[in-house]
Each structure stands twice: as C-alpha cells, then as structure tokens.
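One structure is given below, encoded as structure tokens.
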Amino acid sequence: MEGKNKPLYILVVLICHSFYNPTDSGAVQITESNLDMTLASNEIVFINFYADWCKFSNMLMPIFDDAADEVTKAGYDPGKVVMGKVDCDKEPAISTRFHITKYPTLKLFRNGLPAKKEYREIC
C-alpha cells in the first residue's frame, strides 16, 4: 500500500469497525439493518430519535453521546445496556414503526419492548 493512501485506509477501517461493533463505545447508530438485533440482544436499550435540522436534537446530541460513553466506561456485561441513536430523516421506517413525530424523542426499551413513558421535544 502506498504511504499517501495509508491514512485514508486507516480511517475507512476505523469507520467500518465502529459501525460493525455496536458495543464499542458511545451511542450506537441504529439503522433498519441493526435495530431488531440491538433490541433483541440487550436488556436495556435507550434510544435518541433525532433530526439533524432540529436545534434541540443538536443541543442534546453531545450530552447523549457523553452519557453513552459513561455507560460504556461503567463496564456493564455484554447484552445489558446500550445507548443508541436514530437519524429519523435517514431511517423513516424506524420513525414510523415507533410513531416518532417530534425531535428529539427519547425512548427506553427493556427486553425489546418500549417503556410506556417517553421524552419528546418540540421540533
């Protein structure tokens, strides 16, 4: 491999690895392809449903990501706790499935089932 392409290669590998291993660290990017597996393989899943254009989503995102990093650092056993995030503009089927109409919306899932309460903002 040529030296000038090596940094790009390393960046691509790191990005792919971060999407491949959802329990690596921080909030997991939830997509239609990994949603059901994430819900089925973890006891607690806390999801931030957001839209990039929403100012409240943008205000919450760094706080949510920091909290996800702290959960990861806490060292829960695999399959216990995952914090995830869904870009509702890119994943409209997920938004429809969980009736997301306001951003950000935070939902807690226990053993694959949504809790009755949720937090919604006004975007």
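Remarks
- Of all residues making up region 99-119, the number that are farther than 18 Å from Ser41 by Cβ and surrounded by 15 or more Cβ atoms within 10 Å (Cβ to Cβ): 7
- Residues of region 52-67 satisfying the condition of being farther than 16 Å from Tyr119 by Cβ and buried (at least 18 other Cβ atoms within 10 Å of the Cβ): none
- Inter-residue pairs, beta-carbon under 8 Å, first without any contact (Cβ under 8 Å) to a residue 40 or more places away in the chain and in region 45-67, second in a helix (DSSP H, G or I), 6+ apart: Asp52/Asn58
- Filter pass, Asp77 being charged (D, E, K, R), part of a helix (DSSP H, G or I) and over 16 Å from Glu118 (Cβ atoms): no
- Residues located in region 64-93, provided they are farther than 12 Å from Phe46 by Cβ, among the hydrophobic types (A, V, I, L, M, F, W, C) and within 12 Å of the chain's Cα centre (by Cα): Cys88
- Residue match in region 49-71 (condition: part of a strand (DSSP E or B) and at pLDDT 95 or above): yes
The values are calculated or read from the model by the stated rules, or taken from the named source; none is laboratory data. This is a predicted model, so every value here is computed, not measured. No Cβ is skipped: glycine too gets one built from the backbone with ideal geometry, and neighbour counts run over all protein chains shown.
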